[in-house]
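Readers should treat all values here as calculations from the given coordinates under stated rules, not as data from a laboratory. Predicted model only: the values in this text are computed from it and were never measured. For neighbour counting, all protein chains shown are included, and Cβ atoms are generated from backbone atoms with ideal geometry for every residue, glycine included.
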Amino acid sequence: MTELNSTRLRKWAKACRLRDGNTCQMCGRVGGPIQVHHVYPKSLYPKKAYELRNGVSLCFTCHKGVVHSGDTFRLGNWRFFVAAFRQMMKLKKNREFNERYQDRV
């Protein structure tokens, strides 16, 4: 298993938040404590851990719902998240940002 670097993960998270405008990509909340979620879990896909296209900015509530899909979040919400994430990553702006900043992570 690959050893993950916490400093590099912090840089990765900061770049993802910058790309997403410090906005939750699920509910649209701007500012506050925005966390970054790995779409492909870093424990299962350590080689994708630092890829910017593998990160999505989420507020605490949405991140909790994505990670711990409990009573608050139903399967429909998860499907909405996945569809929104895929749409966001197709946008030219995000693709260009990811290409430009990937080497800085």
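Observations on the structure shown:
- The stretch between residue 17 and residue 102 holds 29.3 nm of extra length on full extension. This uses 0.36 nm per residue minus the Cα-Cα distance.
- Spin-label pair residue 87-residue 27: with each label point 7 Å from Cα along the Cα-Cβ axis, the two points sit 1.9 nm from one another.
- Among 61, 7, the ranking by other beta carbons within 10 Å of each residue's beta carbon, starting with the fewest, stands as 7, 61.
- Residue pairs, from the table 11/47; 64/92; 14/47, whose Cα atoms sit over 21 Å apart: 64/92
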